[in-house]
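K.L.:
Pasting in a structure now, in structure tokens, and then I'll have a few things to ask.
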Amino acid sequence: MSKKRDHVLEIIYINYAIIKERIYPICMLILSLIGVHQFYEKILNIGFSLLCLLIIGCSILLWYHKIFSFDKHKIVITEGVFAKKYHEIPINRVKSIWISDSLLKRLVGVSNFNIELVGGDEISFVLTNKEIVRIKNTFFPSYDLVQPKKSQQRLSFFQGLLLATTDWKLFLASLSITMILVNFSLKLASFWVDEWNKDAGQMGFKEAFQTIKELSWQDILPLVWIFFAFAILAIFILAIYMMITYWNFHSENAGRYIHISYGLLNKKSDQIPLHEVRSVQILQPVIFQLFGYAQIRVDVIGNDGSILLCPIIKQQRVAAFIQQQLPVFQVESIQERAKASVLPDYLLNAIWFPTVVCCGLAYIHPYFLYGLWLLIFYLYVGYMRWKHAGLMVDEKCIRHSGYYWLEAFHMITLVPYIQHTAVGQSFFTRGRNVASYEYSVYAEDGDESYSCYGVDAQYRESFLNIAQNND
């Protein structure tokens, strides 16, 4: 096949991604720190414009010098402007293919043709839909690009709100937006704070903080309300973003693969080989637990990190959903829980480090002793870790439950993917007839290890024999 380049429309997405994700946040952060003095603002605007022109020029060069071709045996990719890179990928190293697109690309008949390799790496080409069909039929006849059916139940605003408040990356983005809006609100403060009438429009956070210390509570209270109002507004915007991101989310068992599709403006499609799923994770952040929701992820051989199987689902529907998508995995309640005698161990393990830190900092200033109030939170975390700790083993899988800070999890791992198991007992645990169970699974970047402390020691023999029986 003749040499090709990505569709010219891809230049728009390259520039948009770089400017939005890197340049614009940095400029807004600088602007929020130094204030909006006209001199600095003009310099930032000029620098931002020149940088955008530079990025656009570089992106055109990068697009032009990315050349690829397909044949019956390999995929050849050449990219780079000054330093050329040459990739030659055998066709037999391709594990799966799928397509994704966006609203703009759908309007012009263009999609992303994504290829996943056996080692977990992914490459993407932007082609017209006709070219994708021709390449698929010519070089990947055994792969199926069937589009899953649309979901009949769309993500509600409340579900989007739950997702927005549990993603730490989105939380940081929300915090950044809020800080920028608060900086803008400082200028509005001049309408009711006389001391700021002259300089409020040129203040950064440092100068504003020095001024706030001199104000009375009656002057600060309106700013507090503005801060929380903008914070809530940012979270609501994120909820809408989550609804658009997971628009028409659908997961379908298609025999050898699980087909996943979702998205409105940026539509994505993926397929997960059933025979390569090694474990299933049922996650419940603390806010999900309050309203009876859960999130489902799967771990696949060759992938670095877990893959989202369902972003949010009612807890009572989890077992039926997993049974439909992954029949080999059975969701059962774990009976072997951590004993009550190890509860003090969990509590002590949670509070000893923050206690030492607060007491050590108290030598610098006695006010740090107020940090000991945080021990209430750490005691809660320790209690939840003990409450959710559990382990159950049979001839097919290991079921393990636990608690990571503010998120409970239930993990089901198939026995063939267990690399080794271990059981530990100390002088203190032996007298209480409990043990610490550890196991590791095969992973892309080495072994992944998990442990469960305080379960009855009577399961040690059957647990140690899992890896041996697997051989």
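K.L.:
Quick one: ranking 345, 121, 6 by accessible area, 1.4 Å probe, largest first, what do you get?
P.N.:
Ranked list, largest accessible area first: 121, 345, 6.
K.L.:
Calculate the FRET efficiency for residue 17 and residue 291 from the Cβ-Cβ distance with a Förster distance of 41 Å, rounded to the nearest 0.05.
P.N.:
It comes to 0.75.
K.L.:
Starting from the 7 Å offset along Cα-to-Cβ, what nm value, one decimal, do you get for the label separation of residue 332 and residue 133?
P.N.:
4.8
K.L.:
Please list, by residue number, every one of the chymotrypsin sites (Phe, Trp or Tyr not before Pro) in region 326-421 that is coil in DSSP and has at most 12 other beta-carbon atoms within 10 Å.
P.N.:
363, 405
K.L.:
Using only the Cα atoms of region 293-346, what are the Rg and Dmax in Å?
P.N.:
Both quantities, over Cα of region 293-346: 15.0, 41 Å.
K.L.:
With a point put 7 Å past each Cα toward its Cβ, work out how far residue 265 is from residue 224 in nm, to one decimal.
P.N.:
Placing both labels 7 Å along Cα→Cβ, they lie 3.5 nm apart.
K.L.:
Using the Kirkwood formula on the Cα atoms of region 356-471, what hydrodynamic radius do you get, in angstrom to one decimal?
P.N.:
The Cα-based Kirkwood calculation yields 16.4 Å.
K.L.:
Moving on. Where does region 220-368 land on Rg/Rh, using Cα atoms and the Kirkwood Rh?
P.N.:
The Rg/Rh ratio comes out at 1.11.
K.L.:
For region 281-418, take every pair of Cα atoms, bin their distances at 5 Å starting from 0, and report each bin as a whole percent.
P.N.:
Over region 281-418, the share of Cα pairs per 5 Å bin runs 2, 9, 15, 18, 16, 13, 10, 7, 5, 3, 2, 0 percent.
K.L.:
Further question on the same structure: Under a Cβ-Cβ cut-off of 13 Å, what is the net charge of the residues other than residue 66 that fall near it, where Lys and Arg count +1 and Asp and Glu count -1?
P.N.:
Result for the local shell: +2.
K.L.:
Round to the nearest 0.05 the FRET efficiency obtained for residue 426 and residue 143 when R0 = 60 Å and r is the Cβ-Cβ distance.
P.N.:
Step by step, r from the Cβ atoms, then E = 0.70.
K.L.:
Quick one: of 314/387; 74/136; 72/105; 84/268; 4/130, which pairs are farther than 23 Å apart, Cα to Cα?
P.N.:
Over 23 Å Cα-Cα: 72/105; 84/268.
K.L.:
Same structure again: Kirkwood hydrodynamic radius (Cα pairs, Å) of region 260-314?
P.N.:
Roughly 12.5 Å, rounded to one decimal.
K.L.:
For region 369-421, report the translational diffusion coefficient in µm²/s to the nearest whole number, using Stokes-Einstein at 25 °C, 0.890 mPa s, and a Kirkwood Rh over Cα pairs.
P.N.:
190
K.L.:
Let me ask you something else. Please work out the ratio of the alpha-carbon Rg of region 230-279 to 2.2 N^0.38 Å and round it to two decimals.
P.N.:
1.54
The values are calculated or read from the model by the stated rules, or taken from the named source; none is laboratory data. Keep in mind that this is a model prediction, so the values were computed, not measured. Here the Cβ is made from the backbone with ideal geometry for all residues, glycine too, and neighbour counts use every protein chain on show. Ligands, DNA and RNA are excluded from the accessible area calculation, which covers all protein heavy atoms including side chains. Shrake-Rupley method; radii C 1.70, N 1.55, O 1.52, S 1.80 Å.
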